[in-house]
Amino acid sequence: MINLPEFYGDKIYYPRRILPKAYILQFILWEVFFNFVIAFALTKVFDITWAYAVLKVYALLFAYGLLKPLISWPFELIYLNLFTRKYLASEMRHYLKVFFYSIKSR
């Protein structure tokens, strides 16, 4: 079996270590900051005069942002299992063959 860290060292991308941090940063940046800016802009552009209109629009955007990943998660998991893993495995095999061919030809 080929051990990739022997060839590439610490330069290998490990998505399982990085993804949780990326999701937290995306959540803070999008759900907290940008949704508040969008809610404020919507209330000013459309001149909404409800009591606490910015907070109500922000709550709707926040709820949508939380529910969207929960609804799309099973479909993304099916896509990952059916298509992406096989594609990535075939790409890795191809590039490793090219890599070993270039080593043998030297």
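Here are a few things to note about the model shown:
- The set of residues in the stretch 63-96 being in contact with a helix residue (DSSP H, G or I) (Cβ under 8 Å, 6 or more places away or on another chain) and open to solvent by less than 60 Å² (accessible area, probe 1.4 Å) consists of G65 alone.
- Candidate set: the stretch 1-56, residues that are of a type in the set (S, T, Y) and loosely packed, with under 11 Cβ neighbours inside 10 Å; chosen: the one modelled with the highest pLDDT: Y52
- A search for C-beta distances below 7 Å between a residue of the stretch 20-38 that is of a type in the set (A, V, I, L, M) and any residue that is modelled with pLDDT of 80 or more, counting only pairs 6+ apart in sequence or on different chains, returns I38/L61.
The values are calculated or read from the model by the stated rules, or taken from the named source; none is laboratory data. As the structure is a computational prediction, the values presented were derived from the model and not from experiment. Here the Cβ is made from the backbone with ideal geometry for all residues, glycine too, and neighbour counts use every protein chain on show. Accessible surface is based on the protein model in full, side chains and every heavy atom, while ligands, DNA and RNA are left aside. Shrake-Rupley method; radii C 1.70, N 1.55, O 1.52, S 1.80 Å.
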